[in-house]
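The structure appears right after this line, and notes come after that.
The values are calculated or read from the model by the stated rules, or taken from the named source; none is laboratory data. Remember, predicted model here, so these are calculated numbers, not experimental data. Because the Cβ atoms are built from the backbone with ideal geometry, glycine has one as well, and the counts that use them run over all protein chains shown.
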């Protein structure tokens, strides 16, 4: 290889690769083919072709399989209780064999949903489609409301199932006392939580060796349009020009094609964004559709109504030119992101790894959906946005990212402790039942 070339392995190769090592390179499916969830290449069996090593049995797991984790519910494994097509190609010196088969992954839980409370009312899932199906047959079924999940061709891929809502069911809604000690310069981290246990079931929900996270709410607001710090004007060429921007501000950090702006009673859909004029501090935007803020539908047109030095408001969620989904907010992050330097993160003017920032590994919860939280990756103090860690998740089978279905208030939570429960203790203190968790990281 020439100096500077290299191959990056995922997961990383554990040792140094000797000189003159031969490699086999395989061309896989296109990244845009999101129906593919895992691939394996170069699995070498033996001349017998009847042994269990890859020729007869193949375990879909790392490191012999690479998983597209953004298309799966859990990292590095196939989804539970889901039917997959297994596309197999075997080639030796004389022949090439293609074989397609179907298989069903095991269920994560049985069909009974147990009630841990005092009322012993359990729920049982009934799925006649699964009862009547075979694990090895393709799912080309028809019917109305008898299947849980279908792909673009209408074929069933997943049966009815349930999963634990850890954030909703396992979080502690209110605490009596929280103590944390998680300095970055110490090997051991300590955290303890004391809570009231009025229902008397805390010992069933929280156990030793469970994961323990302690988070602190650092910002509260609501999902709404956000005012830009700089106004805009319209010129005769149907261009929206952002005015008097400072040196660090660049509209491309927030907007891209199809982003929405609100100006002077109109909503506009962005078509193009010019490179910033650093000398004048301006940036030109062309549009491809508009409507009155009171209207329900857009009209396809590049015409911009006449206005001068008007306030600009950004939609709550925007997609940057680098393809990142971002929440526009009034939260002042402690880091800045250099848009023109491949999103380099700085703190007090010095480069910092995203893993060492406050926002990284923080969470965002919303008022209208308390059953899950959103992982956050980084924040920018200049453009006032928070970037999501997962930019590929859609809302079920919708083409729209899940955040567009959120509304109302939200809270940003900083993770101040991560560890495991070391001790769990229940006490009766003067008639008040309490429960304490102690953990180390």
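Here are a few things to note about the model shown:
- Test result for residue 57, within 26 Å of residue 108 (Cα to Cα) and either modelled with pLDDT under 80 or under 19 Å from the mean Cα position of the chain (by Cα) (or both): yes
- When residue 237 is tested against (1) at pLDDT 90 or above; (2) surrounded by fewer than 16 Cβ atoms within 10 Å (Cβ to Cβ); (3) part of a loop (DSSP other than H, G, I, E, B), exactly one condition is not met: (1).
- Residues considered: 293, 318, 308, 303. Of these, the only one that is crowded, with 17+ Cβ neighbours inside 10 Å and touching a residue at least 24 places away in the same chain (Cβ under 8 Å) is 318.
- Wholly enclosed strands (runs of 3 or more DSSP E) of segment 93-207 bearing at least 2 residues at pLDDT 60 or above and more than 27 Å from the chain's Cα centre (by Cα): 96-104, 177-181, 190-196
- Per the conditions (1) surrounded by 14 or more Cβ atoms within 10 Å (Cβ to Cβ); (2) on the phi > 0 side of the Ramachandran plot; (3) within 27 Å of the chain's Cα centre (by Cα), the sole criterion not satisfied by residue 264 is (3).
- One residue alone among 272, 286 is surrounded by 15 or more Cβ atoms within 10 Å (Cβ to Cβ), in contact with a strand residue (DSSP E or B) (Cβ under 9 Å, 6 or more places away or on another chain) and not in a loop (DSSP other than H, G, I, E, B), and that residue is 286.
Okay, residues lined up against (1) modelled with pLDDT of 90 or more; (2) crowded, with 20+ Cβ neighbours inside 10 Å; (3) over 18 Å from residue 325 (Cα atoms); (4) touching a helix residue (DSSP H, G or I) at 6+ places or on another chain (Cβ under 8 Å):
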| site | (1), (2), (3), (4) |
| --- | --- |
| 359 | no, yes, no, no |
| 387 | no, yes, no, no |
| 390 | no, no, no, yes |
| 405 | no, no, no, no |
| 416 | no, no, yes, no |
| 432 | no, no, yes, no |
| 440 | no, no, yes, no |
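- Criterion violated by residue 372 - all others in (1) touching a strand residue (DSSP E or B) at 6+ places or on another chain (Cβ under 7 Å); (2) at pLDDT below 85; (3) over 18 Å from residue 319 (Cα atoms) satisfied: (1)
- Yes/no for residue 296 being within 22 Å of residue 405 (Cβ to Cβ), more than 20 Å from the chain's Cα centre (by Cα) and in a loop (DSSP other than H, G, I, E, B): yes
- Criterion violated by residue 255 - all others in (1) loosely packed, with under 14 Cβ neighbours inside 10 Å; (2) in a loop (DSSP other than H, G, I, E, B) satisfied: (1)
- When 26, 84 are screened for being modelled with pLDDT of 75 or more and surrounded by 10 or more Cβ atoms within 10 Å (Cβ to Cβ), only 84 passes.
- Residue 14 being at pLDDT below 80 and out of contact with any strand residue (DSSP E or B) (no Cβ under 7 Å at 6 or more places or on another chain): yes
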